[in-house]
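A.B. asks: Please read through the structure below; I'll follow up with questions.
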Amino acid sequence: MADDDKKDEQELSEDEKLAAEWESAMEESGDGEDDSDSGDRDDEWAAAMEESGDTEDKDEDDQGEEDDVRAAPMEEFPEGSKIAQGDGPAPDLDVIMDIPVTISMEVGNTQIPIRNLLQLNQGSVIELDRLAGEPLDVLVNGTLIAHGEVVMVNEKFGIRLTDVISPGERIKRLQK
């Protein structure tokens, strides 16, 4: 008999175990109602269990699994709305508009040993990996975003963008 009780307890959910413990405690203390009221008590328990969302109407797949996951309420959108199509409202870009970034122009680059670097002095020439007349790289925080050519603007150097890298291509370069 004790083995049967243990098997029954293993198959019960936590709420059902607690309810069974309370029921047995009430019966032992003598505070339990007579048998004619047991149907009412069962109805009350069933109503309380149903209200809490713990019903015994589980699928065969769910038997034996404890399901503490509850569905979140989802807001319904009209069928033709942009939000329903995944094209939500435009993000608020004002939040990031004042963040400073560093723009740099790269004429070319090369690698040299530290020994040669220490021997450099005024008038030394370093050969770069670019040919004369090739466009410069425009980098924003170290990421290539465009190519351009040097221009003079009011006796200052500037750069005219000749080719802007597409966002898709920039993402591909970041993944490398």
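A.B. asks: Can you tell me which residue within the stretch 117-150, out of those that are within 18 Å of residue 101 (Cα to Cα) and among the small types (Gly, Ala, Ser), is surrounded by the most Cβ atoms within 10 Å (Cβ to Cβ)?
C.D. replies: Selected residue: 146.
A.B. asks: If residue 102 satisfies all but one of (1) loosely packed, with under 10 Cβ neighbours inside 10 Å; (2) over 21 Å from residue 165 (Cβ atoms); (3) at pLDDT 90 or above, what's the number of the condition it fails?
C.D. replies: Checking residue 102 against (1) loosely packed, with under 10 Cβ neighbours inside 10 Å; (2) over 21 Å from residue 165 (Cβ atoms); (3) at pLDDT 90 or above, the one that fails is (2).
A.B. asks: Please find, within the stretch 151-176, the residue that is surrounded by the most Cβ atoms within 10 Å (Cβ to Cβ) out of those that are β-branched (Val, Ile, Thr) and free of Cβ contacts under 8 Å to residues at least 40 places away in the same chain.
C.D. replies: Ranking the qualifying residues of the stretch 151-176, first place goes to 165.
The values are calculated or read from the model by the stated rules, or taken from the named source; none is laboratory data. In this text, all values refer to a predicted model and were calculated from it rather than measured experimentally. For neighbour counting, all protein chains shown are included, and Cβ atoms are generated from backbone atoms with ideal geometry for every residue, glycine included.
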